[in-house]
Amino acid sequence: MYTQGSDRSRAFAGSPLFYMAQAHPAQPSRRPSACRRGTGVGLWAACLAWLALATGNASAQATIAALGTAPSGLRGLIHTGLPVSPREVNLSLAAGYGVTEAFDPVPGAHHRAQGSIGAAITPLAWLNLALRLDGRLEAHPDDFDGAHSAGFGDPRVFARAGKQLNPKLALGFELGLWFPGNRAPSLVLSATSVDARGLVAFTPENSPWVLLGALGFRLDNSAEAAPDLNRLRLGDRISLGLSSYNALPLALGLARRLDSAELFGELSADFLVGSHAPALSKSPLRAALGARYFLKPSWQIELTASTSLSARPEVSASDPLVPIEPRFSMLFAVRYGIALDPPPPLEAAPRRAATQPSVPQPTAANVSGVLLDDKGEPLPEATVKLQSASGEVQESITDARGQYTFAKVAVGPASLEASAQGCETQSWQIDVQPKLAALPARTLASQVGHGLLRGLTRSFHSEPLQAQISVRDRRGRVVANRTSGTDGAFEIELQPGQYRVTISAPGYVPHSRSVQIAGNAVSILNVDMHEQP
């Protein structure tokens, strides 16, 4: 990495990949002693080892939500993650742009081109390991000594362990290490920073939503890698990304899966703590919205927009280091995943003649199948329960393809029961064999007994209004279109379930509302519509 500009700006560059500086002594350290840092790292490592031992004997279960992968390759959003994942290998490649507003006394915005490469492996359902390399190129305005640019790079490693407590709730722990340096490709070991946080993921029963949370502590020693701040130009001072304070990371995310797409939002903060720490409003505060599209089970693309909510700290050479993030940024990513536990084949391989009858046969097998609705389409978010010959009961939620899977089911007779909203519950018996092929597809019939949606459409002055009524199911499919009569009345027969009703009429503001339809019952929806301004 290099920094273009005057002689005093060339004194600084990036981290082990791009982060270089001239041989100027760093500012006096404000960090804890090496003994205290070693104690902190040992404590977090002990926590991770304890959780690994606590979960090592637990049977691996499916994750509570099929979320996509983050820039590190681990499953989750940006600063939140899934504690438990399928056994897999994930690769991530991301690139984006960010802009930071002008800082007095220099006019003009600061621009950032950023990118990252991530690789993660999940050798066990409860254990995740990842490496992420972040790089960025900063372009700064003319500070009366000419425009200039600088490049930075940050390597980070992550270890995550978790446990599925039940089909709705999973808890975990993540340990991250950041290795800033001051002369590529060397490391400043005293600047190694430790990030430890707890993870939680919750999914309501039969719901496409998943709620993620993270809370932890960052032992931030990155200021040990800082160059002589008196030799830096204003733009370089803003883009350092180092900190003189420890931090309390906090994040809350919400995601929703829509067949082959995923929408999410996240709020996150790194609250700076310590002696003379700045106000919380000047700590890194962020809000992000993103969307992922799954081209195939192995490929996904993502577009994320983020904004910084922080007030800006002072940036003179005498002020402590505080991370300053772009006011607005966009990131585009491409990810690829390789499953380490491929699904069972559609047809069982031909049996080979037994040459050694004395060899013990397997006592467990995987069981999988597909559920369809009465229209022949995959039925996602259905609940399937399996009781094996040993009496053990397992539960699985079908994915977007209507597929369910159970691992390590005892060989012998077993019973299955499938249920879904708006469908009749169905039960059947199977015989689990050591090399059981995928079960034939099962169709769940719609529940007998429709419901009625009745209502009136009127203007805000209570005059009958002829309007168009459109009804969509939970997957966004249009299931009914009606036009109310001249008296504003309408009646629609629907299967039991939850729907989204949209009412529109020329010259009036459209109205949209969720309704719940019960079998053999009438739901009333009366709407007074406002005229368009």
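The values are calculated or read from the model by the stated rules, or taken from the named source; none is laboratory data. The shown structure was predicted, so the numbers you read here are calculated from the model rather than taken from an experiment. For neighbour counting, all protein chains shown are included, and Cβ atoms are generated from backbone atoms with ideal geometry for every residue, glycine included.
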Just checking: which of the strands (runs of 3 or more DSSP E) contained wholly in region 253-311 hold 3 or more residues that are out of contact with any Cys (no Cβ under 9 Å at 6 or more places or on another chain) and among the hydroxyl-bearing types (Ser, Thr, Tyr)? 299-308
Looking at Thr122, Thr192 in this structure, which one is crowded, with 23+ Cβ neighbours inside 10 Å and of a type in the set (Val, Ile, Thr)? Thr122
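If you take the residues of region 490-519 that are in a strand (DSSP E or B) and in contact with a Gly (Cβ under 7 Å, 6 or more places away or on another chain), which of them is modelled with the lowest pLDDT?
First, the residues of region 490-519 that are in a strand (DSSP E or B): 490-494, 497-504, 508, 511-517.
With in contact with a Gly (Cβ under 7 Å, 6 or more places away or on another chain) added as a condition, the list becomes 490, 494, 497, 517.
Working: Phe490: 94, Leu494: 88, Gly497: 85, Ile517: 88.
Of everything passing the filter in region 490-519, Gly497 is modelled with the lowest pLDDT.
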Could you grab me the full set of residues in region 232-252 that are part of a strand (DSSP E or B) and over 14 Å from the mean Cα position of the chain (by Cα)? Asn246, Ala247, Leu248, Pro249, Leu250
Flagged in region 262-278 as of a type in the set (A, V, I, L, M, F, W, C) and either touching a helix residue (DSSP H, G or I) at 6+ places or on another chain (Cβ under 7 Å) or closer than 14 Å to Leu289 by Cα (or both), in numbering order, are Leu263, Phe264, Leu267, Phe271
Hey, any hits in region 409-424 for a residue that's closer than 19 Å to Ser260 by Cα and either over 26 Å from the mean Cα position of the chain (by Cα) or among the aliphatic types (A, V, I, L, M) (or both)? no
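Report, by residue number, each residue of region 456-507 that is acidic (Asp, Glu) and closer than 24 Å to Asn520 by Cβ.
First pass over region 456-507, keeping only residues acidic (Asp, Glu): 463, 473, 487, 491, 493.
Within region 456-507, Asp473, Glu491, Glu493 meet the criteria.
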Scanning region 283-307 for residues that are free of Cβ contacts under 8 Å to residues at least 60 places away in the same chain and hydroxyl-bearing (Ser, Thr, Tyr), the one farthest from Asp236 (Cα to Cα) turns out to be Ser298
Region 275-321, residues that are crowded, with 16+ Cβ neighbours inside 10 Å, among the aliphatic types (A, V, I, L, M) and under 15 Å from the mean Cα position of the chain (by Cα): Ala288
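Residue check: is Gly455 surrounded by 13 or more Cβ atoms within 10 Å (Cβ to Cβ), farther than 29 Å from Ala382 by Cβ and free of Cβ contacts under 8 Å to residues at least 60 places away in the same chain?
Working: surrounded by 13 or more Cβ atoms within 10 Å (Cβ to Cβ): yes; farther than 29 Å from Ala382 by Cβ: yes; free of Cβ contacts under 8 Å to residues at least 60 places away in the same chain: no.
No: the conditions fail for Gly455.
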Within region 458-471, restricting attention to residues that are of a type in the set (Gly, Ala, Ser) and outside any strand (DSSP E or B), which residue is farthest from Leu379 (Cα to Cα)? Ser462
All but one of (1) under 23 Å from Ser222 (Cβ atoms); (2) out of contact with any strand residue (DSSP E or B) (no Cβ under 8 Å at 6 or more places or on another chain) hold for Pro278; state the number of the condition that does not hold. (2)
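If you check Ala269 against the conditions, is it buried (at least 17 other Cβ atoms within 10 Å of the Cβ), in the same structural domain as Leu211 (by TED's automatic domain parsing) and touching a Phe, Trp or Tyr at 6+ places or on another chain (Cβ under 7 Å)? Can you show your working first?
Details: buried (at least 17 other Cβ atoms within 10 Å of the Cβ): yes; in the same structural domain as Leu211 (by TED's automatic domain parsing): yes; touching a Phe, Trp or Tyr at 6+ places or on another chain (Cβ under 7 Å): no.
When the stated conditions are applied, Ala269 does not pass them.
Taking region 198-227, which residues are at negative phi and either out of contact with any strand residue (DSSP E or B) (no Cβ under 8 Å at 6 or more places or on another chain) or of a type in the set (S, T, N, Q) (or both)? Don't jump to the end; show me each part of the working.
Just the residues of region 198-227 that are at negative phi, to begin with: 198-205, 207-227.
Listed by number, the residues that qualify are Thr203, Pro204, Ser207, Asn221, Ser222, Ala223, Glu224, Ala225, Ala226.
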Could you grab me the full set of residues in region 501-532 that are β-branched (Val, Ile, Thr) and more than 18 Å from Asn481 (Cβ to Cβ)? Val509, Val522, Ile524
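Hey, among Leu211, Leu232, Leu219, which residue is buried (at least 23 other Cβ atoms within 10 Å of the Cβ), of a type outside the set (Asp, Glu) and in the same structural domain as Pro278 (by TED's automatic domain parsing)? Don't jump to the end; show me each part of the working.
On the way: Leu211 fails: buried (at least 23 other Cβ atoms within 10 Å of the Cβ); Leu219 fails: buried (at least 23 other Cβ atoms within 10 Å of the Cβ).
Of Leu211, Leu232, Leu219, the one residue that is buried (at least 23 other Cβ atoms within 10 Å of the Cβ), of a type outside the set (Asp, Glu) and in the same structural domain as Pro278 (by TED's automatic domain parsing) is Leu232.
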Of the residues Gly153, Gly162, Gly176, Gly216, only one is of a type outside the set (Lys, Arg) and over 20 Å from the mean Cα position of the chain (by Cα); which? Gly153
